[in-house]
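The values are calculated or read from the model by the stated rules, or taken from the named source; none is laboratory data. Note that the structure is a prediction, hence the values are computed from the model and not measured. Cβ placement follows ideal geometry from the backbone for every residue including glycine, while neighbour counts extend to all protein chains displayed.
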Amino acid sequence: MSLLALGLNHWTAPVGVRERVAFTPERLFPALRDLRERSGVREAAILSTCNRTELYCGLRETDERLVVEWLGAYHLLQAVDLQPYLYQHTDGRAVRHILRVASGLDSMVLGEPQILGQVKAAYQAANSAGTLGTRLERLFQHTFAVAKQVRTDTRIGASPISVAFAAVGLAKQIFADLPKRAALLIGAGATIELVARHLRENGIGRLIVANRTLERAHALVAPFDGYAITLEDIPVHLGEADIVIASTASPGLILEAGQVRSCLKQRRRRPLLMVDLAVPRNIDPAVAELEDIYWYTVDDLKEIIQENLRSRQAAAQQAEEIIDHQVEHFMGWLRAQDSAASFRALRQRGERVRDEALTRAQRQLAQGKDPAEVLNLLAHTLTNKLLHSPCAGLRQAAAQGDLETMNLIKNLYRLDDGECDP
């Protein structure tokens with residue numbers, strides 16, 4: 001069985017493509033089971049965030065087209081339209097990819113810690129859906145251990161750099177007087193919580209959190225002395241906000257351009273910063289055409305984030321060295337699993353040959369044949385049957401001039417030249 005990591009991310013696909021192949025939490029379980037039932041797929045896990053959608057599979061066959069076609073069909077897209085944005089990694093390269101992802105080395109913000117929690121959530125979802133097997137189970141557990149080692153042994157997470165941090169940094173650039181400003185945060189997940197923390201640390205004057213569930217919004221904003229509202233109340237409070245930052249798992253828009261246009265009249269041309277960190281997007285992209293709006297998506301934060309990466313480059317190199325070692329460690333385990341299966345198959349074949357020959361010998365003894373003759377025939381039969389495959393392989397390799405296979409068989413059976421005439 002081969003391992004496959006297939007997907008697209010912020011490096012390979014724009015937000016408009018990523019949002020079309022994202023999996024909402026509600027669709028994840030049925031999607032996992034549907035993928036697992038696809039011919040050739042034995043194990044499956046799906047990692048879907050605002051920056052990436054990735055499928056991790058254990059395949060009976062090495063034909064990745066099955067998975068590409070499934071991803072396109074599930075989202076009502078043509079596989080050929082997705083292909084330019086996709087990357088595909090198999091076996092060792094797939095292991096290296098997930099280790100780099102979980103360690104934050106493939107993130108928009110180098111070393112950001114949130115991705116590890118998202119990888120753990122992907123594992124838990126696949127585990128609950130019953131789509132994990134021995135190899136993916138071991139791969140995820142190994143991934144968590146390696147990501148922890150990277151965090152412990154390097155300074156990859158020493159600097160407070162994240163998409164949330166970058167968004168707040170952008171707000172500081174536009175509004176030098178944050179203590180006099182109000183921020184409306186849409187959502188109540190980990191990213192919004194991090195945004196709220198950074199805003200509070202930078203002295204934001206007023207904080208409002210809107211969420212589908214009022215209790216969840218209140219629980220998030222209470223430590224920051226803020227105010228909680230529902231999504232339905234956003235139009236009422238939108239005009240109060242100087243900064244709007246959205247990050248929810250909603251599959252549709254939460255803020256329409258018309259709603260924003262109405263609030264601008266109330267603000268009397270005071271500028272409004274809007275940052276949409278969600279995929280699919282929560283804020284209508286048409287707001288970019290409105291006057292007095294500073295409009296940014298997660299893709300727009302890339303340049304801001306690049307300025308904060310220098311302190312993590314040395315740590316990233318150390319992390320890559322750790323991952324190099326740990327990829328080989330996992331592949332050694334995987335090879336051991338494959339060899340164990342081969343050992344079992346070889347032993348079972350030998351035992352089958354033995355049992356057949358023994359049964360025949362016992363039958364001949366019961367018929368009164370000479371025991372010495374029966375033993376000689378038994379030994380001759382076992383020798384011929386057990387040596388047939390390697391000798392046939394040597395003959396075929398010799399006929400084809402395949403010296404590599406000839407030497408492999410000779411080394412495997414520790415043969416000196418001439419001991420088995422091909």
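Here is how the numbers come out for the structure above:
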read-out: Test for LEU66: is it in contact (Cβ under 8 Å) with a residue 12 or more places away in the chain and either crowded, with 18+ Cβ neighbours inside 10 Å or in a helix (DSSP H, G or I) (or both); value: yes
read-out: Those residues of the stretch 287-312 which are touching a residue at least 60 places away in the same chain (Cβ under 8 Å) and closer than 19 Å to ARG155 by Cβ, in sequence order; value: ILE305, ASN308, LEU309, SER311, ARG312
read-out: Residue match in the stretch 192-215 (condition: of a type in the set (Ser, Thr, Tyr) and buried (at least 16 other Cβ atoms within 10 Å of the Cβ)); value: no
read-out: The stretch 291-325, residues that are among the polar types (S, T, N, Q) and part of a helix (DSSP H, G or I); value: GLN306, SER311, GLN313, GLN317, GLN318
read-out: Flag for VAL221 being surrounded by 13 or more Cβ atoms within 10 Å (Cβ to Cβ) and assigned by TED's automatic domain parsing to the domain that holds ASN202; value: yes
read-out: Among residues of the stretch 242-273, those that are within 18 Å of ARG181 (Cα to Cα), touching a helix residue (DSSP H, G or I) at 6+ places or on another chain (Cβ under 6 Å) and not in a helix (DSSP H, G or I), counted; value: 3
read-out: Which listed residue is over 30 Å from PRO25 (Cβ atoms) and touching a Gly at 6+ places or on another chain (Cβ under 7 Å), from VAL353, VAL327; value: VAL327
read-out: Filter result (surrounded by fewer than 14 Cβ atoms within 10 Å (Cβ to Cβ) and in contact (Cβ under 8 Å) with a residue 12 or more places away in the chain) within the stretch 377-394; value: LEU387
read-out: Residue among ALA5, ALA44 that is over 25 Å from LEU277 (Cβ atoms) and in contact (Cβ under 8 Å) with a residue 24 or more places away in the chain; value: ALA44
read-out: Filter result (assigned to a loop (DSSP other than H, G, I, E, B), buried (at least 20 other Cβ atoms within 10 Å of the Cβ) and not hydroxyl-bearing (Ser, Thr, Tyr)) within the stretch 136-156; value: ILE156
read-out: Failed item in (1) at pLDDT 95 or above; (2) of a type outside the set (Val, Ile, Thr); (3) farther than 29 Å from ILE192 by Cβ, with GLU69 passing the rest; value: (1)
read-out: Those residues of the stretch 242-267 which are within 28 Å of GLN118 (Cβ to Cβ) and among the aliphatic types (A, V, I, L, M), in sequence order; value: ILE243, VAL244, ILE245, ALA246, ALA249, LEU253, ILE254, LEU255
read-out: Condition met for ASP292 (charged (D, E, K, R), closer than 30 Å to PRO14 by Cβ, surrounded by 11 or more Cβ atoms within 10 Å (Cβ to Cβ) and modelled with pLDDT of 90 or more); value: yes
read-out: Filter pass, ARG42 being surrounded by fewer than 22 Cβ atoms within 10 Å (Cβ to Cβ), at pLDDT below 95 and assigned to a strand (DSSP E or B); value: yes
read-out: Residues of the stretch 181-192 that turn out to be in a helix (DSSP H, G or I) and at pLDDT below 95, as a count; value: 2
read-out: Members of the stretch 100-135 found to be more than 19 Å from ILE304 (Cβ to Cβ) and hydrophobic (A, V, I, L, M, F, W, C), listed by number; value: VAL101, ALA102, LEU105, LEU116, VAL119, ALA121, ALA122, ALA125, ALA126, ALA129, LEU132
read-out: Odd one out for LYS148, checked against (1) basic (Lys, Arg); (2) in the same structural domain as LEU35 (by TED's automatic domain parsing); (3) more than 29 Å from ARG335 (Cα to Cα); value: (3)
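Residue-by-condition table, conditions (1) under 28 Å from the mean Cα position of the chain (by Cα); (2) more than 20 Å from GLY111 (Cβ to Cβ):
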position	(1), (2)
GLY130	yes, yes
LEU136	yes, yes
PHE144	yes, no
VAL150	yes, no
ALA158	yes, no
LEU178	no, yes
LEU184	no, yes
ILE229	no, yes
